[in-house]
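Student: Once you've had a glance at the structure underneath, I'll fire off some questions.
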Amino acid sequence: MDKKDLNGNENLENNGTPEEELNTTENTNEVNEVEIEAAEEPVNTTKEESVPVMNKVGSNNNTTPPAPPVSPKGNKGWMIASVVLAAALIIVLIKPPFQKDDSSTAVASVNGTNITKEQLYDKLIEAGGESTLQAMITTELVDQEAKKANVTVTDEDINAELEDLKAQFGGEAAFNAALQQSSMTVDDLKKQMPLQVKLRKILEPQVTITDQEIKDYYEANKATFNEEEQVRASHILVETKEEADAILKQLKDGADFAELAKEKSSDTGSKANGGDLDFFKRGDMVAEFSDVAFKLKVGETSGAVKSDYGYHIIKVTDHKDAKNYTLEEKKDEIKKTLVSQKVSTLSTTWLSDTTAKAKITNSLTDAKKEATASPEPSASAEAGTESAK
């Protein structure tokens, strides 16, 4: 049996799902395109070397855990990714080359040869200027439509969206791992969310969800709503049985489990938290570990448990029974998911129609359109000119 890696909290809530990364380099002409894309390679999210205690099911012992994906129950990936390219952060720091007296100013030099602001600007445009400007146009357009609809975004709205995203990622640790994978912070995300929240508030009144749609979704996804039995446990991992026996004696004499874990455990992923592994299902751990943990009652501590990684001392701190949720219990959650899916789909058409109705000028693309719209003189036109002579 493959084993699960307990190299940090972000690993514990992954549950063996595929790797994902946040793609922020897609063209932002359509808000619906701004979403979390899947990747094949895992991204290293650990900052220190950890002792491989239990590997994630199906993975290699040396792999680091990937960030978990957005829950398949929802379609709110478009709510988290950036709508402004990183290039914009540089472009706004320089003046465009339209000011001739400033365009030749050097921003760098190499052996006496200057690199000018105009050269830098041109390269930034090549590197993503068009899509960055389009994103800014989209932002302004949504802002104007939100104002017309009396839509505002409060701190409560942003915090509610964040909590919703955390739930879809499977918990705060997994959510933070996804942010780290995309090189973002929570503050970065908060700055980007108002546009998405405004768009959602504009479109939600146009969405209708029927009871039959909710029922159909429940029947199609019933298995995903069921929860397996889970326990929450802490452990202390050491190399030898002698070490384990010595720790067991200390515990019997009244020593604090969490303090001993911090001091003696070789599992760097959990020792800082007093050995806490959070909740896990039976299949998340190696059989030797799970067999003991799921037999212990809350508050009980095991003896020395041998696995491929050494000797564990396990203390169960909480327990959750298996549960099969009914349609009525999940009705509100399903409705929220379906609304989100429909808003995401509707956003493409809405943005396209709204853009078509707006009066927009774009100096980076208008010149190209004009050049394309001016055809070369046709052969017949040239012949007519000659005959006129």
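The values are calculated or read from the model by the stated rules, or taken from the named source; none is laboratory data. These figures come from a predicted structure and were not determined experimentally. Backbone-built Cβ (ideal geometry, glycine too); neighbour counts: all protein chains shown. When the accessible area is computed, the model is the full protein with side chains, heavy atoms only, and any ligands, DNA or RNA have been set aside. Shrake-Rupley method; radii C 1.70, N 1.55, O 1.52, S 1.80 Å.
Student: In the stretch 90-101, is there at least one residue being under 30 Å from Gln196 (Cα atoms) and modelled with pLDDT of 80 or more?
Tutor: no
Student: Yes or no: Thr185 more than 17 Å from the chain's Cα centre (by Cα) and surrounded by fewer than 20 Cβ atoms within 10 Å (Cβ to Cβ)?
Tutor: When the stated conditions are applied, Thr185 does not pass them.
For (1) touching a Phe, Trp or Tyr at 6+ places or on another chain (Cβ under 7 Å); (2) in a strand (DSSP E or B), each residue gets a yes or a no:
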| residue | (1), (2) |
| --- | --- |
| Lys191 | no, no |
| Lys198 | no, no |
| Leu203 | yes, no |
| Tyr218 | no, no |
| Arg232 | yes, yes |
| Ala246 | no, no |
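Student: Give me the residue from the stretch 299-326 that is of a type in the set (Ser, Thr, Tyr) and more than 27 Å from Glu239 (Cβ to Cβ) and, out of that set, surrounded by the fewest Cβ atoms within 10 Å (Cβ to Cβ).
Tutor: Only one residue tops the list, namely Thr326.
Student: Do any residues in the stretch 287-310 that are in a helix (DSSP H, G or I) have Cβ atoms under 8 Å from those of residues that are at pLDDT below 95 and surrounded by fewer than 17 Cβ atoms within 10 Å (Cβ to Cβ), where the two are at least six apart or on different chains, and which pairs are they?
Tutor: Ala287/Met1; Ser290/Arg282; Ser290/Gly283
Student: Follow-up. Could you grab me the full set of residues in the stretch 206-245 that are surrounded by fewer than 18 Cβ atoms within 10 Å (Cβ to Cβ), over 30 Å from the mean Cα position of the chain (by Cα) and not basic (Lys, Arg)?
Tutor: If the condition is that a residue be surrounded by fewer than 18 Cβ atoms within 10 Å (Cβ to Cβ), over 30 Å from the mean Cα position of the chain (by Cα) and not basic (Lys, Arg), then Asp211, Gln212, Glu239, Thr240, Glu242, Asp245 are the ones that fit.
Student: Related question: Looking at Thr224, Thr210, which is the one that is farther than 21 Å from Ser270 by Cα, of a type in the set (Ser, Thr, Tyr) and at pLDDT below 95?
Tutor: Result of the check over Thr224, Thr210: Thr224.
Student: Contact list please: Cβ distance under 9 Å, first residue in the stretch 141-152 and in a loop (DSSP other than H, G, I, E, B), second residue open to solvent by 40 Å² or more (accessible area, probe 1.4 Å), pairs at least six apart or on different chains.
Tutor: Final answer for the pair search is Ala149/Lys198; Ala149/Lys201; Ala149/Pro205; Val151/Glu145; Val151/Lys198; Val151/Lys201; Thr152/Lys198; Thr152/Lys201.
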